[in-house]
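Everything on this sheet refers to the single structure shown next.
The values are calculated or read from the model by the stated rules, or taken from the named source; none is laboratory data. Quick caveat, the model's predicted, so the values are computed rather than measured. So basically every Cβ, Gly included, is an ideal-geometry build from the backbone, and we count neighbours across all protein chains shown.
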Amino acid sequence: MNDATPSRTWRKPPFIANPWLRWGLIVVALIYLSWAASTLPFDWTRVSQGMERAARIFSGAFPPNFSRHDLLIKGFLESLQIAILATLLGLALSVPIAFMAARNIAIKPIYLIGRALIIITRSFHPVIVAILFVKAVGFGPVAGILTLTIYSIGFVAKMLAERIEEIDWGQVEALRASGTRYLTVLQFAVLPQIMPRQIGLSIYQLDSNLRASAVVGIVGAGGIGSTLMNAFGRYDYDFALAITLVIIAVILVSEAISGRIRRAIW
Amino acid sequence: MLRIQQLVKRYGHDEPVLKGLDLEVPDESVVSIIGASGAGKSTLLRCINRLVEPTSGSIELNGAELTRLHGNELRKARRRIGMIFQGFNLVDRLTVMENVQCGRLGYIPYWRAALRKYSTEDIDRAYTLMERVGIAHYANKRADELSGGERQRVGVVRALMQNPEILLADEPTASLDPVSSRQIMELLQTLAQELQLPVLINIHNVAEAREYTQRIVGMRFGRLIFDGKPEDLDQSAMDTVYSGTPAEDRQQAEQDTSKAVVS
């Protein structure tokens, strides 16, 4: 039929069509890797000393010491409170911000404000935000709550805004065509569509905040992280190991629960 | 009575999709609009309820001009225009009853919508209409659990809940199997008579258009090129509506002025 197809072999077209660009990128990547590896200051004597120190810490940590369980439980309850409060606050703020930051339903100026809020809340790692808040409001759980609220907004609002931008527009169109008011259109045509994602994100964020609350505690923002840091500071490696084990156990449990809940939503 | 005069719709600087279209639809008549893809059928319907903004021309529904309405007035005018979609456009995660009540959302105050407190009259009317089309027993089922034909019935009831003065159906049967498709066409036909509503149906299936409507309008390149009874739609009329390949269509559109329009 068609003379332009002489042979009937077929190969997958390359990912990058231009051969010069394709091979160029590979060569550049290889050169960079070898250069980076050759210039990094690996000091093997220091590594071996570090290994000895690590061995000392670990031998001091065994067996884990659960005798101060009241301190452990108190720290954990505080972490849990920080995580739950920060998640609730973060969600309450991130839903409106997400609607503002969705290009398909917000007018341009509102959209820009929403996007700017998300970018600002995302631009710093929670540990840096926690350092700022500890300076601002002092040591303790309030700094942790504020930090994780910001952290929740950055993640939940961004993901939710992206979900809003992917909605089936036909449902919105149908309600607009029936003379429904703007806010009611959002409630009836947009909200049901993003609900499963919203619930999934909320559970994930609670999970994530629980983990992060341990990290921000290290810089003084309360919770189990502070307990852990104190234990290290006093060379109580056995207590520190006990805390670490409990953190792992709690994360595993919350992972299992949230996975189950997310699977149940459809 | 719907009266469209000199309707033009142009996207940007492209060739207009609608080029000075005139159409009158008296009450209680079911009109099929046929034409190849890209002829402007869907744009025409969407200009009527202003999902698409017409560039110029006039659209009057029962004496009220629709093209110049804004804000709240446009919203109130839209309540009187029911629309049925090819993809049903139901809110998948809501129940059938709530989808049907969506047709009343334009009439009830904010707080009632927010709390989902529908009035007893609306609920009663919903049941009457759902019984009429045979979906009352699905009231508490989620919309995405229904079959295509059942979903389109929900779409029809939702539109009727608006107490519309006209129904616009944009290829209402194109995503349905042949049996459901005929049932929906029959339903639209009888409802138009029962409720004395004018109904405009965009349709690809010419056989169904002939069978279920008294008047067929043929569109090509944004103009009406046929308007008559089903029996007037002979082979030569069909040829003028559908003849040519898309490539030829594009050529002709280019000859018309500048470049092709496929909406």
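What is the residue count in region A:96-126 for residues that are among the hydrophobic types (A, V, I, L, M, F, W, C) and part of a helix (DSSP H, G or I)? Number satisfying all stated conditions: 12. From the list A:GLY222, A:GLY154, exactly one residue is assigned to a loop (DSSP other than H, G, I, E, B) and farther than 30 Å from B:ARG158 by Cβ. Which is it? Among A:GLY222, A:GLY154, only A:GLY222 is assigned to a loop (DSSP other than H, G, I, E, B) and farther than 30 Å from B:ARG158 by Cβ. Residues that are part of a helix (DSSP H, G or I) and over 10 Å from the mean Cα position of the chain (by Cα) within region A:203-219 comprise A:ILE203, A:LEU206, A:LEU210, A:SER213, A:ALA214, A:VAL215, A:VAL216, A:GLY217, A:ILE218, listed in sequence order. Pull up region A:173-184, narrow it to residues that are surrounded by fewer than 23 Cβ atoms within 10 Å (Cβ to Cβ) and assigned to a helix (DSSP H, G or I), then point me to the one that is farthest from the other protein chains (Cβ to nearest Cβ). Among those residues, the one meeting the criterion is A:TYR182.
Taking region B:57-155 as the region of interest, the helices (runs of 4 or more DSSP H) fully inside it that hold 1 or more residues being at the interface with another protein chain (Cβ under 9 Å from one of its Cβ atoms) and surrounded by fewer than 16 Cβ atoms within 10 Å (Cβ to Cβ) are B:71-79, B:110-115.
Just one of (1) surrounded by fewer than 23 Cβ atoms within 10 Å (Cβ to Cβ); (2) farther than 16 Å from A:ALA214 by Cα; (3) away from chain B (no Cβ under 14 Å) fails for A:GLY170. It is (3). Pairs are defined by a Cβ separation below 8 Å, a sequence spacing of at least 6 or placement on different chains, a first member in region A:20-42 that is aliphatic (A, V, I, L, M), and a second member that is not in a helix (DSSP H, G or I); the pairs so defined are A:LEU25/A:ILE16.
Among residues of region B:2-15 that are buried (at least 16 other Cβ atoms within 10 Å of the Cβ), those with a Cβ under 9 angstrom from a residue that is of a type in the set (Ser, Thr, Tyr) and outside any loop (DSSP other than H, G, I, E, B), sequence gap 6+ or separate chain, pair up as B:ARG3/B:SER58; B:ILE4/B:SER58; B:LEU7/B:SER56; B:LEU7/B:SER58; B:VAL8/B:SER56; B:LYS9/B:THR43; B:LYS9/B:SER56; B:ARG10/B:SER56.
Among the residues of region A:128-148, what is the count of those that are surrounded by fewer than 24 Cβ atoms within 10 Å (Cβ to Cβ) and within 15 Å of the chain's Cα centre (by Cα)? Count: 2. Taking (1) free of Cβ contacts under 8 Å to residues at least 60 places away in the same chain; (2) crowded, with 23+ Cβ neighbours inside 10 Å in turn, A:GLY225 satisfies each apart from (1). If you go through region B:187-210 and keep only what is among the aliphatic types (A, V, I, L, M) and closer than 15 Å to B:LEU2 by Cα, you end up with B:ALA192, B:LEU197, B:VAL199, B:LEU200, B:ILE201.
Could you identify the single residue in A:LEU93, A:LEU132, A:LEU146, A:LEU160 that is touching a Phe, Trp or Tyr at 6+ places or on another chain (Cβ under 6 Å), over 30 Å from B:ILE48 (Cβ atoms) and part of a helix (DSSP H, G or I)? Exactly one residue qualifies, and that residue is A:LEU146.
Screening A:ASN65 with (1) at pLDDT below 90; (2) in contact with a Phe, Trp or Tyr (Cβ under 6 Å, 6 or more places away or on another chain); (3) assigned to a helix (DSSP H, G or I); (4) not hydrophobic (A, V, I, L, M, F, W, C) gives one miss only, at (3). Counting only residues that are basic (Lys, Arg) and under 15 Å from the mean Cα position of the chain (by Cα), region A:109-127 holds 1 of them. Screening B:CYS47 with (1) within 15 Å of the chain's Cα centre (by Cα); (2) away from chain A (no Cβ under 14 Å); (3) buried (at least 23 other Cβ atoms within 10 Å of the Cβ) gives one miss only, at (2).
Quick grid of which residues meet (1) out of contact with any strand residue (DSSP E or B) (no Cβ under 7 Å at 6 or more places or on another chain); (2) at pLDDT below 90; (3) surrounded by fewer than 17 Cβ atoms within 10 Å (Cβ to Cβ); (4) of a type in the set (Phe, Trp, Tyr):
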position	(1), (2), (3), (4)
B:ASN202	no, no, no, no
B:GLU208	yes, no, no, no
B:ILE216	no, no, no, no
B:ASP234	yes, yes, yes, no
B:THR240	no, yes, yes, no
